[in-house]
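The values are calculated or read from the model by the stated rules, or taken from the named source; none is laboratory data. All figures in this text were calculated on a predicted structure; none of them were measured in a lab. Cβ: placed from backbone, ideal geometry, glycine included. Neighbour counts: every protein chain shown. We work out accessible area using only protein heavy atoms, side chains counted, and drop any ligands, DNA or RNA first. Shrake-Rupley method; radii C 1.70, N 1.55, O 1.52, S 1.80 Å.
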Amino acid sequence: MYSPSDLTIEKAIKLLDDKAITHRDLIEQYLNRIYEVEPSVRAFSYIKEKKDVIKSLSNNVKNNNNKSPLLGIPYRLKDIIHVKDLPLEAGSKTMEGYISDKNATIFNRLNTAGAVLIGKTTTAEFASGGGAPKTRNPWNLEHTPGGSSSGFAAAISSNMLLFSIGTQTSGSVLRPASYNGITALKPTFGQISKAGIIPASWSIDCVGIFTKNVRDLKYVYNEIAGYDILDRYTYPYQNITLKLSEGNLLKKFTIGIISDSYFKGSEDVMAIFEDAIKALKIENHSAHNCKMPASFEEANKAHEIVVNAETAAYHQLKFNEGKELFSTELRADIEVGSSYAAIDYLQAQENRWEYKKSFKSIFENFDLLITPATTETAPKGIEKTGSPKFNKPFSNAGLPTLTLSIGTSSLTNLPVGIQIITNFDCEQNLIDLGEQLQIIFDYTHFTCDLDLSS
């Protein structure tokens, strides 16, 4: 017998192929888990009725001719992603009661693959950092799960789903994954379509994937990545397919340990990060200190200008109609963004472009870069979602980045993650090293056993 806590996408696929379970069995197990755990975790903004979920499953099984590995696999979408006839409120009072009239490309691709949407998960207001949701961290319900993709990470960590889709502008995918002890991939900017997703910053936002482990990322990424004529930031000349093989576990990499003081975290986080470096060296990876580009601090400032300006541009109409409906934090960001001159925005984009190009020389010497995933473990309280400080520089550059758990803090008993960065369009490097690390650190040790008595 199995339970949601035992399963990954890969294990579920095998059970289904072996006829050990049916697609309906799988869906009902996860719905039961949601009904049990959701009142404590509060990860969902919307849950579909059981009859509607079963109807979607039946249609997908009936219509799926390509036998996608995601057929019948349950998932959720961040509540800034359009799905026709479903609510989309984006964590904002300005969107209360809104029902989508279109589908995002990412939903269409997952639907074609036969994956089954269970509902929408919580987000900070418009994924912009204001109005933190009431979602709680399953490892300790008094702590934040991170944000803005708050509900996704908490739902996977508490075994309410097998994968979910979020977005990142600064650290909204990688930070929640680290805080909740799960795995997340933010691919190269432009690899996954954002058509039908409310933007925070259209020139920086990137779709990210949450799963329980690295191996599962392949199944989701390969179904949703690729060119989309509806998203001008996707590109038609690159089609990356992620692969898993025994040979991947034998690969040895040259790894840059970013030594800038900017990436120094709390004492407990740094101690576990140092253990990870030692483990990589024991496995005969070549690991050496390296520095960020000289332009990265200036680029960080440019990131803030671009994000605030693009946020203000997107929300301008609704903001002028009723700014009081926006949270205090988002209102301040919009007002700052509205104050910039065109020359400020254009110069910031130029600074970002120069910064992005500067990684070329770094990746001539290193296959991958590593830092801690977060400055600390998940902070206490749910009013804030934590700091994206360590993630923002690589979101800003559009580089592919992976986060996975490498231990738990002896001070807080909460997960600690590592952040792995690679060159543009080299996601396979992340999969290969990430899987090796999850074997080294025995991933099963980091699964969360939620105490429902809290």
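Looking for whichever is in contact (Cβ under 8 Å) with a residue 40 or more places away in the chain, assigned to a helix (DSSP H, G or I), among the polar types (S, T, N, Q) and open to solvent by 10 Å² or more (accessible area, probe 1.4 Å) here; the options are SER45, SER40, SER58. Which one fits? Working first, answer last.
Working: SER45 fails: assigned to a helix (DSSP H, G or I); SER58 fails: in contact (Cβ under 8 Å) with a residue 40 or more places away in the chain.
Exactly one of SER45, SER40, SER58 is in contact (Cβ under 8 Å) with a residue 40 or more places away in the chain, assigned to a helix (DSSP H, G or I), among the polar types (S, T, N, Q) and open to solvent by 10 Å² or more (accessible area, probe 1.4 Å), namely SER40.
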Item to complete: Consider only pairs whose beta carbons are under 9 Å apart and that are at least six residues apart or on different chains; among these, list those whose first residue lies in region 1-21 and is under 23 Å from GLU435 (Cα atoms) and whose second residue is acidic (Asp, Glu) and assigned to a loop (DSSP other than H, G, I, E, B).
Response: SER5/ASP449
Practice prompt. Could you grab me the full set of residues in region 87-113 that are touching a Ser or Thr at 6+ places or on another chain (Cβ under 6 Å) and either of a type in the set (Phe, Trp, Tyr) or assigned to a loop (DSSP other than H, G, I, E, B) (or both)?
Written response: LEU88, GLY91
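Restricting to region 308-340, name every residue that is outside any helix (DSSP H, G or I), farther than 22 Å from ASN396 by Cα and not polar (S, T, N, Q). Don't jump to the end; show me each part of the working.
Taking region 308-340 as the starting set, the residues that turn out to be outside any helix (DSSP H, G or I) are 326-327, 340.
When the remaining residues are screened for being farther than 22 Å from ASN396 by Cα, the result is 326-327.
The answer is PHE326, and nothing else.
Based on what the data block shows, is THR241 in a loop (DSSP other than H, G, I, E, B), among the polar types (S, T, N, Q), in contact with an Asp or Glu (Cβ under 7 Å, 6 or more places away or on another chain) and within 23 Å of CYS206 (Cα to Cα)? I'd like the intermediate steps shown before the answer.
Working: in a loop (DSSP other than H, G, I, E, B): yes; among the polar types (S, T, N, Q): yes; in contact with an Asp or Glu (Cβ under 7 Å, 6 or more places away or on another chain): no; within 23 Å of CYS206 (Cα to Cα): yes.
In short, no.
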Worksheet item: Can you tell me how many residues in region 87-111 are surrounded by fewer than 23 Cβ atoms within 10 Å (Cβ to Cβ), within 22 Å of the chain's Cα centre (by Cα) and over 22 Å from GLU329 (Cα atoms)?
Response: 5
Worksheet item: Which of (1) acidic (Asp, Glu); (2) more than 17 Å from ASN391 (Cβ to Cβ); (3) free of Cβ contacts under 8 Å to residues at least 60 places away in the same chain is the odd one out, the single condition GLU310 does not satisfy?
Response: (3)
Worksheet entry | Criterion (out of contact with any helix residue (DSSP H, G or I) (no Cβ under 7 Å at 6 or more places or on another chain), farther than 16 Å from ALA127 by Cα, of a type in the set (A, V, I, L, M, F, W, C) and surrounded by fewer than 18 Cβ atoms within 10 Å (Cβ to Cβ)) met by exactly one of ALA294, ALA313, ALA279, ALA332 | ALA294
Worksheet item: What's the number of the condition ILE34 fails, among (1) free of Cβ contacts under 8 Å to residues at least 60 places away in the same chain; (2) part of a helix (DSSP H, G or I); (3) within 27 Å of GLU383 (Cβ to Cβ)?
Response: (1)
Response to the item:
The number of residues in region 1-12 that are farther than 10 Å from LEU162 by Cβ and in contact with a Gly (Cβ under 9 Å, 6 or more places away or on another chain) is 0
